[in-house]
Amino acid sequence: MVKISIFSLASALVSYTGVVAADHWITVVNNCPGTANPWVADTSCTYSAARCGQTNAYTGPTSYSVAPGGSAIFKLPNNFVGRVFDRASSSACGTDGWDCSLLEFNFDNGAAATSQSYDLSNIQGYTRGMQAVPWPSNAGCNTKTCFASNCALDQAYPPGNEGDNAANTSCGAANLGITLYLCTPFDK
């Protein structure tokens, strides 16, 4: 069972109250004992190459430095495809998250490709425990939790193996926000 700190929950609720209807917010909460360095990367022309040139650009900050117990918010546009990862967990992550644990997402809002979806992925390497909690709680959106490289296949894609799509969750066309917890509260 994962315990969520009152500060982390308050941070997520504060970020939720300011949601603008046309955007998606990813709030990254650092439950790690050290500073986290969350990054967002556009994957529309790399891992989602079929949509290259068909998605909206993200023009906000690509990274933050987040102290233990702190949080940061990426406000992403509709029709954006990307990933968020913690570069502080591994110097091999680069600017696209290669070799790192990832939150991958597709904010198509029910457009041509797919409905909104997200997953946790360790395919390229496990570097950081994560929990992705959707908000508001939409039908079909599931919390995904993976705090070890061998977590259940319905929670995250395992290292080196794409497996089936059990780790993916689809959420329909509503504006989706995600709170991404890095590390467990017990890691402090």
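The values are calculated or read from the model by the stated rules, or taken from the named source; none is laboratory data. Not measured: the values here are computed from a predicted model. As a convention, Cβ positions derive from the backbone with ideal geometry for all residues, glycine included, and neighbour counts pool all protein chains shown. Side chains included, ligands, DNA and RNA excluded: accessible areas come from the protein's heavy atoms. Shrake-Rupley method; radii C 1.70, N 1.55, O 1.52, S 1.80 Å.
Numbers at a glance
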item	result
Distance in nm between pseudo-label sites at residue 23 and residue 150 (7 Å out along the Cβ direction from Cα)	4.2 nm
Phi to ³J(HN,Hα) by Karplus 6.51 cos²θ - 1.76 cosθ + 1.60 over the range 88-96, Hz, x for Gly, Pro	5, 6, 6, 6, 7, 5, x, 9, 10
Linear extension gain, residue 98 paired with residue 52, 0.36 nm per residue minus alpha-carbon span	14.7 nm
Heavy-atom SASA rank of 144, 75 (probe 1.4 Å, accessible area, largest first)	75, 144
Chymotrypsin sites (Phe, Trp or Tyr not before Pro) restricted to the range 61-126 and DSSP loop, no more than 15 other C-beta within 10 Å	98
Table column - 3J(HN,Hα) (Hz), the range 57-71, Karplus curve with 6.51, -1.76, 1.60, x for Gly and Pro	7, 9, 10, x, x, 8, 7, 9, 10, 10, 5, x, x, x, 8
Candidate residues 43, 145: accessible-area rank, largest first, probe 1.4 Å	145, 43
